[in-house]
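Asker: A single structure is presented below for examination.
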Amino acid sequence: MKQEQQKKSINRLNRIEGQIRGLKKMIEDDVYCIDIISQTSSVRSALKGLEDALMENHLSTCVVSQIKNGKEKKAVDEIIKVYKLKR
């Protein structure tokens, strides 16, 4: 993983971790259900953003390297696997 991407990913995860702690507190404090659901939507969105950034990094580093090293099948198989997971 590129160093800059790693730093950004860790920062995103720290924010997501804070959101999760906030969700837990909301439930403990018996906050209105719709407000909690709204926050869970924000967490899912943040995770999706992290996934997208990780995938972009993977495509621009690992996949390119695999193709350059004659491992096209492995690269294609990984892309298909991720595609199926995201559907």
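The values are calculated or read from the model by the stated rules, or taken from the named source; none is laboratory data. All values derive from a computational prediction rather than experimental measurement. With ideal geometry, Cβ positions are generated from the backbone for all residues, glycine too; neighbour counts draw on all protein chains shown.
Asker: So for the range 5-12 (the condition being of a type outside the set (S, T, N, Q), touching a residue at least 24 places away in the same chain (Cβ under 8 Å) and on the phi < 0 side of the Ramachandran plot), does at least one residue qualify?
Answerer: Start the filter on the range 5-12 by keeping residues that are of a type outside the set (S, T, N, Q), which leaves 7-8, 10, 12.
Filter once more, keeping what is touching a residue at least 24 places away in the same chain (Cβ under 8 Å): 8, 12.
Keeping just the survivors that are on the phi < 0 side of the Ramachandran plot gives 8, 12.
Yes: the range 5-12 contains one or more residues that are of a type outside the set (S, T, N, Q), touching a residue at least 24 places away in the same chain (Cβ under 8 Å) and on the phi < 0 side of the Ramachandran plot.
Asker: Would you pick out the residues in the range 32-47 that are among the aliphatic types (A, V, I, L, M) and either in contact (Cβ under 8 Å) with a residue 60 or more places away in the chain or closer than 30 Å to LYS8 by Cβ (or both)?
Answerer: Within the range 32-47, ILE36, ILE37, VAL43, ALA46, LEU47 meet the criteria.
Asker: Given the range 1-75, what helices (runs of 4 or more DSSP H) lie entirely inside it while holding 2 or more residues that are surrounded by fewer than 14 Cβ atoms within 10 Å (Cβ to Cβ) and among the small types (Gly, Ala, Ser)? If you could, list the steps in order and put the result at the bottom.
Answerer: Numbers: elements: 3-28, 33-58, 64-68.
Result: 33-58.
Asker: Confirm whether ILE80 is surrounded by 10 or more Cβ atoms within 10 Å (Cβ to Cβ) and either outside any helix (DSSP H, G or I) or at pLDDT 95 or above (or both).
Answerer: no
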